[in-house]
Amino acid sequence: MARRGPRNAGEWANWAGDQRCRPARVLRPGSREELAEGIAAAAAAGQTVRVAGSGHSFTEAALTEGTMIRPERLSGLLDADPASGLVEVAGGTVLADLNRELAALGLAMENLGDIDRQTIAGAISTGTHGTGARLRNISAQVEGIELVLADGSVRRLSAATDPELMGAARIGLGALGAIAAVTLRCVPAFTLLRVDAPHPREEVLDTFAERAEAHEHFELFTFPYDDGALVLERNRTDEAARPRGRAAAYLNDVVLENWTLAALAQTGKALPRAIPALSRLAGRLASGGRVSDRSDRLFVNERRVRFTEMEYALPREAGPEAARRVVEWVRSNRYPVFFPIEMRVAAGDDAFLSPAHDRDTAYVAVHQYRGMEWRPYFEAVEAIMDDYDGRPHWGKRHFQTAETLAPRYPEWEKFQRARDTLDPDRVFANEYTERVLGT
Ligand SMILES: Cc1cc2nc3c(=O)[nH]c(=O)nc-3n(C[C@H](O)[C@H](O)[C@H](O)COP(=O)(O)OP(=O)(O)OC[C@H]3O[C@@H](n4cnc5c(N)ncnc54)[C@H](O)[C@@H]3O)c2cc1C
């Protein structure tokens, strides 16, 4: 299934273009009832079912050769109470649309990842997170989930009344049922001030924990062949929003998005021996800046350059050492990787399969440009992360199996019990869930 190139008729491909499948049937339900009917009919016909979100996982998470549900028509706000901040939204709602609707109500998500193209159900299902020492992943903002099960019945789960099933369903890998709707606890709209500044990498890693604590949202990017790190600090501000239009959009151009990066990455792909020099150049180009804007606009970036990615959640204190070891591995092997290492943080969380379960976390992410060899690099990074009891992001490449993952998750058995209750016949299974959760 790992193939690139143009998509053939009937083929589904993820954003990176390297996870593909040919579902036997594709359904695009327009209501919860149509969703339920489609699932029940597929299950009765002996087919497995996967809901694809917007295909932004790098893993095989959404792939199926059975029935694929596309959620484009299950979109939009269903209910909202601006006073309490509780908002019910259809599972297929793309985060960018959600953010716009919330802003119109004077509300916002308290934290977001660095893009807004995912669906809300897809985002929570793999534990999508942003950064913030005291903030948990996006699924922690979920108060209720409406789940359509294999027989077409609908279960409305709430954090208050079904803590055990919610602990599983908040990060469920699509393996428990189809999420028709999600109730989110939002916060009053706010403005963020984002300050980007380059620093020596060693200095930033030495002070990683303090920097993470000192800012609401702390993040860094570092190119392995360069000695610098670009630090991004975002904090709430009472200043009026002062977006800088195009300049703001291009503030971070060389880090992971857009044209400068594309040109350098393309050159590196054609001339791998030039990668260390290009990487140092990119590090020098990564310049500072300051901008304030509506929160969601400053959380997210546009990613036009395609890549594949691995990301590991580690005990917070292990992050700097693990990142140093990745840099050292790349340099000593002269591995042709032009893309930076990204580090973020999150607070410990109680979802059973949260990679940040029960521990304050540092995330370390590595990327490889589309079409370049990623496997030896990612295998080496995974071996490093294994030394720290690392837990992989469910939506990003890794090589773990149920056997290697179970000991890393204290609530593994509770998740399996919920799976047995909600999907005893494994209608919502695929090769990925079989690999990482077992049959
Ligand atoms: C450019 C880029 C940037 C990214 N940035 C971040 C980031 O900052 N932080 C982070 O943590 N991750 C990030 N990711 C990863 C991404 O957030 C996750 O992989 C996310 O799960 C993708 O959501 P999606 O809607 O595309 O779902 P998909 O990838 O299509 O599906 C993901 C999983 O959710 C399940 N699913 C989807 N919809 C439903 C539903 N309605 N009911 C039941 N199951 C469902 C699918 O079956 C699948 O198992 C990024 C990915 C890309 C490509």
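Its Cα centre serving as origin, the chain has a Cβ charge dipole (Lys and Arg +1, Asp and Glu -1) of approximately 1600 debye. For segment 83-94, 3J(HN,Hα) computed residue by residue from phi via the Karplus equation (6.51, -1.76, 1.60; θ = phi - 60°) reads 5, 8, x, 7, 9, 9, 9, 5, x, x, 5, 6 Hz, glycine and proline entered as x. The ranking of Phe190, Phe307 from fewest to most other beta carbons within 10 Å of each one's beta carbon is Phe190, Phe307. The residue among Thr267, Cys186, Leu232 whose Cα reaches farthest toward the positive pole of the charge dipole of the chain, with charges on the beta-carbon of Lys, Arg, Asp and Glu, is Thr267.
Separation of segment 85-161 from segment 19-79 is 18 Å, based on Cα centroids. From helices alone, the chain scores -8500 deg cm²/dmol at 222 nm; the rule is -39500 (n - 2.57) for each run of n ≥ 4 DSSP H residues, then divide by the residue total. The Cα center of segment 386-403 and the Cα center of segment 180-199 differ in position by 27 Å. Dividing the radius of gyration of the alpha carbons in the chain by their Kirkwood radius gives 0.95 for Rg/Rh. Against the empirical curve 2.2 N^0.38 Å, the C-alpha radius of gyration of segment 38-98 lands at a ratio of 1.40. In plain terms, the chain from Glu33 to Ser332 could stretch by 101.9 nm, reckoned as 0.36 nm per residue minus the Cα-Cα distance. For segment 94-150, the gyration tensor built on C-alpha atoms gives an oblate shape. Its axis ratio a/c (a ≥ b ≥ c) is at least 1.5, and a/b is not larger than b/c.
Quarter the surface of the alpha carbon convex hull of segment 191-392 and you get the mean projected area, 10.9 square nanometres.
Computed extension gain for Ala197 through Arg236, at 0.36 nm per residue and net of the alpha carbon distance, reaches 12.3 nm. Of the residues Leu314, Asn333, Tyr363, the one whose Cα sits farthest towards the positive end of the charge dipole of segment 191-392 is Asn333 (charges of +1 on Lys and Arg Cβ, -1 on Asp and Glu Cβ, taken about the Cα centre).
Every number in this text was worked out from the coordinates using simple rules, so none of it is lab data. Being a predicted model, the structure only gives us computed values, none of them experimental. With ideal geometry, Cβ positions are generated from the backbone for all residues, glycine too; neighbour counts draw on all protein chains shown.
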